[in-house]
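Inspection log for the structure reproduced underneath, given as structure tokens.
The values are calculated or read from the model by the stated rules, or taken from the named source; none is laboratory data. Given the structure is predicted, the values throughout are model-derived calculations rather than measurements. Reconstructed Cβ throughout: ideal geometry from the backbone, glycine too, with neighbour counts over all protein chains shown.
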Amino acid sequence: MGKGPTFQLGAGKHNVSIQKEGYLSKTDHIEVSIENVLFQYQLVIEPDMILVEGGTFDMGDTFGDGDNDEKPVHKVTLSSFEIGKTEVTQAQWVAVMGSNPASFRGDSLPVERVSWYDAVEFCNKLSELSGLLPCYSIDKSRKDPNNTSSYDDVQWLITCDFTANGYRLPTEAEWEYACRGLYQKPLKLAIFLMYEYK
């Protein structure tokens, strides 16, 4: 989290707008009833997004050695979308969520030791900080009937509004398409990406 400016405001109504390159812009309308109120803003690092041009690709196990849920290979057409240029850094995560769950510490390192549910909450909070409509509805009182994983400590019922303008996780098809890149070569991810360190 970047330390934002600190300033004093006198009594009255104020429009405060803060813009700093690399950080989300912040605008507030503040009414102060006493003199010399001290404000300090916390700035949130703006995600660096890149445009992935839409297209059609062969999705699934193009090698013949994948799991059953990767077969059969099928054509998928996607509209253009934006995706983060890098993984979410620990500095970004802390600025939004307020804590750092990572084992391998460093502000510019990717955050790790987070669940899919943690990532969904991060997307919603980042959307709210950005003045955007969150994509996810999270019902923590209901269990997701489709999640049969014994590895998830929580299994909240999550729905995504794909028409909302906020941040969300890429779909499986978007992720695979982005990973394949422009050349549409068969996808081979490094094996270490499949393991979660605990």
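Filtering S80, S103, S108, S99 for residues that are of a type in the set (S, T, Y) and touching a residue at least 40 places away in the same chain (Cβ under 8 Å) leaves a single hit, S103. Condition test on Y177, is it under 30 Å from T62 (Cβ atoms), in a loop (DSSP other than H, G, I, E, B) and in the same structural domain as G60 (by TED's automatic domain parsing)? No, not satisfied.
Within the option set S137, S130, S141, being under 22 Å from I158 (Cβ atoms) and touching a Ser or Thr at 6+ places or on another chain (Cβ under 7 Å) holds for one residue only, S137. Of all the criteria given as (1) crowded, with 16+ Cβ neighbours inside 10 Å; (2) among the β-branched types (V, I, T); (3) out of contact with any strand residue (DSSP E or B) (no Cβ under 8 Å at 6 or more places or on another chain), the one not satisfied by I158 is (3). Quick check: anything in the range 184-196 in contact with a Cys (Cβ under 7 Å, 6 or more places away or on another chain), surrounded by 15 or more Cβ atoms within 10 Å (Cβ to Cβ), at pLDDT below 85 and under 24 Å from G54 (Cβ atoms)? Yes.
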